[in-house]
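Notes to accompany the following structure.
The values are calculated or read from the model by the stated rules, or taken from the named source; none is laboratory data. If you're wondering where the values come from, they're calculated on a predicted model, not measured in any experiment. Here Cβ is always computed from backbone atoms with ideal geometry, including for glycine, and neighbour counts include all displayed protein chains. SASA here: full protein model, heavy atoms, side chains in, ligands and nucleic acids out. Shrake-Rupley method; radii C 1.70, N 1.55, O 1.52, S 1.80 Å.
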Amino acid sequence: MNDCTKIENNLIFFYYKELNKEKMEQINVHLLNCSKCEILYNQLANSLSVIDIEKNTDIDLLLTNKIIEQVLLVEKNKKGKNNSVVFKKLIQTTLTVAAISVGIFFGVFIGGFYESANIANSNFEQTEVFYFNDLEQEAFLSEIINNE
Amino acid sequence: MTEKELLIKVKQKNQKAFTLLVEQHKSLVFNTAIGFLHNKVNAEDVTQEVFIKTWTSIESFRGESKISTWLYRLTVNMSINYLKKNTNKNNIISIDKKNNENSAMLDIEDKNQNNSDKLLTNKEHSKALKYAIDSLSQRQRTSFILNKYENLSYKDIAEVMEISISSVESLLHRAKKNLQKKLLNYYKKTASF
Ligand SMILES: [Zn+2]
């Protein structure tokens, strides 16, 4: 590795003064005697100095106001959203209750209508009720038993 | 008012306290953002986003670190997201992504550039620095920006990035080496050394 390459590898640390005293001095002397390295160093220093220019960029004086405006807008939208959610829930509940009430009403109404219509039109009237364990219905069985 | 008292009021959605918080910390957010974005308008956009996010999610700040640490983290994340969203919009300069030593030069399409002149213009230095920084890995870039744009100590950077101090030292050393390599290669190419 020649001298110039060694110097090039340390130029950024030289710029940031992050080398020991001896190395700093060594590079300083080299730069005074080598125009090629000197040009490279000046270029590097100029590019890195852009950081200081960017760091000192003036912030818009109205930035704080803009941020507060944005925050207020967020709050307003949030409130609007919350209100619409409450309104939506209210509408949903009302509609559900209405639907159930209408359902019950029609159920009772239709049920009542069919009941009265069926009874009125029915030709069948049940007068006797038979039960499987009714003794009178066991005549056949008792006959079989008696025949034995 | 102490930081703790201020934050309690901000959590209670006190607008005056929040305005004070913005006033006290907008520079750190803006400077960090400009390190990533290199553009005033974009950095102001990110600064606004960071503080809106702070307002809406301040409840999640548990006070285990300083509010500045929390803001640095938010700014780094939001700046990186902002860059991702806007990557392909202004590609004036491109860097060879193969990371080839010889081809990893900055390919500036500035037609007014005078290559016979060995010294670059300020605009060219600005572009060269921007793309040299952008070519660093995300962690190297973050540590470099926090150190050089915000003058944060290794300890503070370690806290923001949630890594050890020795990792910060190593990241910064590699970041500077890589920046140097990119920039020197670029000067040699453009000035026909
Ligand atoms: Zn030399």
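Residues in segment B:47-85 that are within 12 Å of chain A (Cβ to nearest Cβ), open to solvent by 20 Å² or more (accessible area, probe 1.4 Å) and not small (Gly, Ala, Ser): B:48, B:49, B:52, B:53, B:56.
Any idea which residue in segment A:17-35 is nearest to the ligand (Cβ to nearest atom), counting only those that are assigned to a loop (DSSP other than H, G, I, E, B) and free of Cβ contacts under 8 Å to residues at least 24 places away in the same chain?
First pass over segment A:17-35, keeping only residues assigned to a loop (DSSP other than H, G, I, E, B): A:17-20, A:34.
Applying the additional criterion that residues be free of Cβ contacts under 8 Å to residues at least 24 places away in the same chain yields A:17-20.
On the way: A:17: 20, A:18: 20, A:19: 16, A:20: 20 Å.
Among those residues, the one meeting the criterion is A:19.
Among residues of segment B:7-21 that are in the same structural domain as residue B:55 (by TED's automatic domain parsing), those with a Cβ under 6 angstrom from a residue that is assigned to a helix (DSSP H, G or I) and open to solvent by 40 Å² or more (accessible area, probe 1.4 Å), sequence gap 6+ or separate chain, pair up as B:17/B:9.
For segment A:26-61, what are the residues that are charged (D, E, K, R) and either within 52 Å of the chain's Cα centre (by Cα) or more than 10 Å from chain B (Cβ to nearest Cβ) (or both)?
Of everything in segment A:26-61, those that are charged (D, E, K, R) and either within 52 Å of the chain's Cα centre (by Cα) or more than 10 Å from chain B (Cβ to nearest Cβ) (or both) turn out to be A:38, A:52, A:54, A:55, A:58, A:60.
For segment B:14-34, filtering for residues that are open to solvent by less than 60 Å² (accessible area, probe 1.4 Å) and either hydrophobic (A, V, I, L, M, F, W, C) or not in a helix (DSSP H, G or I) (or both) leaves 10.
Evaluation of residue A:18 against the conditions (1) facing chain B (nearest Cβ under 10 Å); (2) open to solvent by less than 40 Å² (accessible area, probe 1.4 Å) shows that the sole unmet condition is (2). Among the residues of segment B:22-46, those identified as within 14 Å of the chain's Cα centre (by Cα) and facing chain A (nearest Cβ under 9 Å) are B:27, B:30, B:31, B:34, B:35, B:38, B:40, B:43, B:44. Per the listing A:84, A:47, A:35, the residue uniquely surrounded by fewer than 18 Cβ atoms within 10 Å (Cβ to Cβ), of a type in the set (Ser, Thr, Tyr) and farther than 30 Å from residue B:10 by Cβ is A:35.
Would you call residue A:72 more than 15 Å from the ligand (Cβ to nearest atom) and part of a loop (DSSP other than H, G, I, E, B)? No; evaluated as a whole, the condition is false for this residue. A count restricted to segment A:1-16 and to residues that are outside any loop (DSSP other than H, G, I, E, B) and within 12 Å of the ligand (Cβ to nearest atom) stands at 7.
Restricting the first member to segment B:164-179 and to residues that are β-branched (Val, Ile, Thr), and the second to residues that are loosely packed, with under 15 Cβ neighbours inside 10 Å, the beta-carbon pairs closer than 8 Å and six or more apart or on different chains are B:165/B:155.
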